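See structure below.
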């Protein structure tokens, strides 16, 4: 049995604006929710290890632990903790508190979400390993140069070019004449309009990216609407890592390419432009032609 330990309140705050309107467990990544990915990893570990489901383990709700690391945890005969950068991500027995417990060092396949942009790394890694599955319709003039998953009721319209791996949910309309670059996940009931470019993004259910827009290296929550010509910048002129404002201090994201983190139900006016690495909290909006230089948050 797997039990999930609630993340520290600071983690929830640092993952805003995404977690301002949803739990970490409900954040969509690579075609699933984060909780579904956690449970899938646990089930895969059980199947591969052949151990009993009676083994009780504890996992941080903001951690995605690989099947390989979970198998090591299952097979340990004493209280054991998996540590990533000296932080507990999962344990069994008294591994979460006992300094004398056995320690398993986490690998690059184990993730501990501390900031909203950490979901991009998980998304990139998982989409890189997908296999093609087509349940929707792809127009004969669309070009697919990669592996894709297309959900039921989704239509890939004429002139769409997909370069790299991508996942499209159910009942989406993509195109015409879009450029979709890997590793992009687009959720259910989304609309990507005429001549839009999407690169390495998480776009959650019900969101719409209006025609002539660019969205790169960004996380877009549910029911966001981009007005026509909305553009996200994702590269600093000096080529350095992007920094994001957290608790009044600039935090290094570790990312050379980073666009926007946008909360649920945000609407942008036509021709809105965003500086890289900015965040918008849920329910906010911009006016036509706005240039967003700072995070947008009520109060």
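The values are calculated or read from the model by the stated rules, or taken from the named source; none is laboratory data. These figures come from a predicted structure and were not determined experimentally. Virtual Cβ from ideal backbone geometry, glycine too; neighbours counted across all protein chains shown.
Couple of notes before you dig in:
- Counted residues, segment 203-238 - those being within 11 Å of residue 259 (Cα to Cα), part of a strand (DSSP E or B) and touching a residue at least 40 places away in the same chain (Cβ under 8 Å): 7
- Residue that is surrounded by the most Cβ atoms within 10 Å (Cβ to Cβ), among those in segment 264-283 that are more than 21 Å from residue 212 (Cβ to Cβ) and touching a strand residue (DSSP E or B) at 6+ places or on another chain (Cβ under 6 Å): 277
- The lone criterion from (1) closer than 21 Å to residue 234 by Cα; (2) at pLDDT 95 or above left unmet by residue 182 is number (2).
- Residue check, residue 241 outside any strand (DSSP E or B), surrounded by fewer than 18 Cβ atoms within 10 Å (Cβ to Cβ) and in contact with a strand residue (DSSP E or B) (Cβ under 6 Å, 6 or more places away or on another chain): yes
- Candidates 247, 295, 252: the one that is under 19 Å from residue 11 (Cβ atoms), at pLDDT 95 or above and over 19 Å from the mean Cα position of the chain (by Cα) is 295.
- Within segment 144-162, not a single residue is touching a helix residue (DSSP H, G or I) at 6+ places or on another chain (Cβ under 8 Å) and either in a loop (DSSP other than H, G, I, E, B) or crowded, with 19+ Cβ neighbours inside 10 Å (or both).
- The one condition in (1) outside the structural domain of residue 57 (by TED's automatic domain parsing); (2) under 25 Å from residue 9 (Cβ atoms) that residue 90 fails to fulfil: (1)
- One residue from 198, 167, 186 being crowded, with 21+ Cβ neighbours inside 10 Å, closer than 26 Å to residue 24 by Cβ and in contact with a helix residue (DSSP H, G or I) (Cβ under 8 Å, 6 or more places away or on another chain): 167
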